[in-house]
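Data block below; observations after.
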Amino acid sequence: MSAGVALAAGIEAAGVRRTFGNVVAVADVTLSVPRGHVTALVGPNGAGKTTLLLVLATLLKPDAGRVRVAGFDPVTDSVEVRSRTGWMPDSFGTYDTLTAREVLEFAAAAYRIPRQLRPRRAWELLALVHLDEFAERPVHALSRGQRQRLGLARALVHEPTVLLLDEPAAGLDPRSRIELRGLLRGFAAQGCAVLVSSHVLSELETIADRVVFVDRGRSIAEQTLAELPRAERRPWRVRALDPGPLMVFLDHHGTEHGPPDAHGVEVLLSGDEAAAELLAAMVRDGIPVVSFAPAGSDLEAAYLAITEDRQ
Amino acid sequence: MTRHQSPRLGFNLRGALTVAAHEFRLRIRAGRWRWLLGAWFLSLFALTAGIRSALVRSDQIRPGTDMFGGLMLTMLALALLVVPALAAQSVNGDRLRGLLATLQTTLLTPAEIAIGKLAAAWGTAIVFLVTAIPLALWCVAEGASGLRVAVSLGIAAVLLGVICSISLCLSAVLARTTTSGVLSYLAVFALSIGTVVIFVLAVALTQTTETRTTEAGTFEQTVTHPERVWWLLAPNPFIIVADAAPRTLEQPDAGVRLDPLGAIGEVARSARTPGSTLVDSEGIVELGRQAVWPVGLASNAVLGAGALVITIRRLRTPYVKLPKTVRVG
């Protein structure tokens, strides 16, 4: 990575729009992905995350907007962008009859890495994603999670400085997820710009330090996880010895709540004051409350707050 | 790490070779090639041996020319059945399996991907022809002209490449693999049978009625004009291969000859230049007719090259427009 490129932001996008016929997949997205950070791209299904990543990965031409990836325009300078960007799609195929090593060596050849360097690069990557013992095994004999890791290794073959990962944790077992987290944090620490889309929010919270929310093709908010606003409304979980009186109380009290289950009831509350007030009221009315605590994570709460008007 | 830049919009032979070698390896691993090529060779061997034994019994002359004619036409017919399958799902199959997009985001250019895929399919088709070379040599040993054998095989190889290119193009243009597969076979059908049917219809439609006056009186005569529509036959692969085979100038009285290549070539040439058979004073047929195969080969080359250009254009990214039902991945 040369010094000049390092200074440029990983990804800068402003006013990006992309339609398919009458369907507006991305309406207006503005985001920046700085180097040295893992940025989460968060939004409901159909929010335009995958389309946005396809634009960044030089596969789709945006209808409007300004995009720079590693300092280059993906439309006019796609070769420059490609040589610096690793893209892992949400669903991708693998050459089933090749071995894991052969897949990576072919990817290296496709990125014009000289022949004599390819075997070493393949082994480095296999070690990185803990697939070295499966190097000579055909891909069809790998599990879903192992293929996912191979897909990640494939995206890293040319040592990109910008990483675009679409649902990279899908299909990974808990250990692999933890390792993925370590890998992505490591890349960020080396100065890469990492953009990760997912809807497993609890997971993103541990991987990412920045978050961009998108909904219905628009970017809504962009912030660091530390500065996530205390959500206006967030779920709290109440459990009582006997759910019957609790439900009667909640209905009577006019509190928005979900159905009761073995873990209690979720109620939607606006702020800590409302929570304190509700707890006091429950105790006053003699509801046998066992536990009362905020449910979900800050990221989840922010996500719910942002997508609230959909219901 | 050093960056390995590629030409911006270009084509690099090494890139195409990377794709071709990769595709070829996938093909080798996917199919039961030994069995397929074994069955191919054995059936052609049985055919050639059959023709030989039939001719050797009935004739004094050496059977090589006729053996090779039968072998070549049968081989071409079988190859035309095999070849569309080699390329007709190459691009849309990759797209369907989520392999195309990751290839397109590498430094390989659209031309390298398209030409590499074409080379792999074409190379596989040529493997089938090469498998039959021992049989062709047998025909030469039995009296067929070596030049004739070489030219016929070479022309056939070119024509199979054209079919590969058309099939590849259909796979790049159409989203569904079944549609591109069916249309590839239809294209082969149109070239090999459709051209003949259309030619016959065109001859019927262009015939004229002429009034002739002779000593016996005036009468009307229907006259056909194949020379106006002969070019409809020209793209036919069988006619191109047969007509391109260098003529064998053998004595016409040497007995009953099959020589299927020569016969087909003669039919095609007589359509282009009817009524021009000349017999010179020594009774040797003067082959003064205009050849059809250069026009046919040129039209096929244009078809193949055009199909390749369309394929490359369809692989260009970033995509501006996508056909319906296509997901980029």
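As a rough footprinting exposure proxy, the listed residues A:61, A:49 were ranked by other beta carbons within 10 Å of their own, and the order from fewest upward is A:61, A:49. Per residue of A:54-61, how many C-beta atoms from partner chains lie within 10 Å of its own C-beta, taken as a mean? Counting other chains' Cβ atoms within 10 Å and averaging over A:54-61 gives 5.
FRET efficiency for residue B:309 and residue A:276, Cβ-Cβ distance as r, R0 = 56 Å, nearest 0.05?
On the way: r = 72 Å, r/R0 = 1.28.
That pair, residue B:309 with residue A:276, gives E of 0.20.
Against chain A, whose longest principal axis is taken from its Cα atoms, helix A:174-189 shows a tilt of about 70°. Among B:93, B:119, B:72, flag the residue with its Cα farthest along the positive direction of the charge dipole of chain B, charges on Cβ as +1 for Lys/Arg and -1 for Asp/Glu. The Cα lying farthest towards the positive end belongs to B:93.
Angle, helix B:110-131 long axis vs. longest principal axis of chain B, Cα atoms, 0 to 90°, nearest 10? Computed tilt is about 50 degrees. Kirkwood analysis of the Cα pair distances in chain A returns a hydrodynamic radius of 21.5 Å. Here the range B:11-94 is treated with +1 on each Lys and Arg Cβ and -1 on each Asp and Glu Cβ, and its dipole about the Cα centre works out to around 300 debye. Projected label points at residue B:196 and residue A:117, each 7 Å from Cα along the beta carbon direction, are separated by 5.7 nanometres. Simple rule: put +1 on each Lys or Arg Cβ and -1 on each Asp or Glu Cβ in chain A, find the dipole, and look at A:108, A:153, A:62; the Cα lying farthest toward the positive end is A:108.
The phi torsions of the range A:35-40, fed into the Karplus equation with coefficients 6.51, -1.76 and 1.60 and a -60° offset, translate into couplings of 5, x, 9, 9, 10, 8 Hz, rounded to whole numbers, with Gly and Pro shown as x. In order along the range B:173-180, the phi-based Karplus estimate (6.51 cos²θ - 1.76 cosθ + 1.60, θ = phi - 60°) of 3J(HN,Hα) comes to 8, 9, 6, 9, 5, 5, 4, 5 Hz; Gly and Pro are listed as x. Seen against the Cα atoms of chain A and their longest principal axis, helix A:243-253 is set at about 80 degrees.
Per residue of B:310-318, count partner chain C-beta atoms within 10 Å of its C-beta, then hand back the mean as an integer. Walk me through the numbers before you get to the answer.
On the way: counts 0, 0, 0, 0, 0, 0, 1, 10, 14.
Per residue, the number of nearby Cβ atoms from other chains is 3 on average.
The range A:169-202 and the range A:118-134 have Cα centres spaced 18 Å apart.
Taking the Cα centre of the range B:13-314 as origin and charging only Cβ (+1 Lys, Arg; -1 Asp, Glu), how large is the dipole, in debye to the nearest 20? Could you put the intermediate results ahead of the total?
On the way: 23 positive and 18 negative charges, 366 e Å.
Dipole about the Cα centre, nearest 20: 1760 debye.
Extending 7 Å from Cα along the Cβ direction at residue B:218 and again at residue B:179 yields two label points whose distance is 5.9 nm.
Suppose every Lys and Arg Cβ carries +1 and every Asp and Glu Cβ carries -1, with no other charges. What dipole size does the protein assembly as shown come out with about its Cα centre, to the nearest 20 debye?
Values: 63 positive and 57 negative charges, 262 e Å.
For the protein assembly as shown, the charge dipole is close to 1260 debye.
Shielding value for B:12-23 is 2, the average number of Cβ atoms from other chains within 10 Å of each residue's Cβ. When shorter helices are ignored and each DSSP H run of at least 4 residues is given -39500 (n - 2.57), the per-residue value for chain B at 222 nm works out to -20500 deg cm²/dmol. Straight-distance candidates among the aspartates and glutamates for linking to residue B:321, with alpha-carbon spacing under 14 Å and chain neighbours fewer than 8 residues away dropped: A:63.
No value in this document is a laboratory result; all are computed from the given coordinates. What you see is a predicted model, and the numbers here were worked out from it, not measured in a lab. Cβ atoms come from the backbone with ideal geometry, glycine included; neighbour counts cover every protein chain shown.
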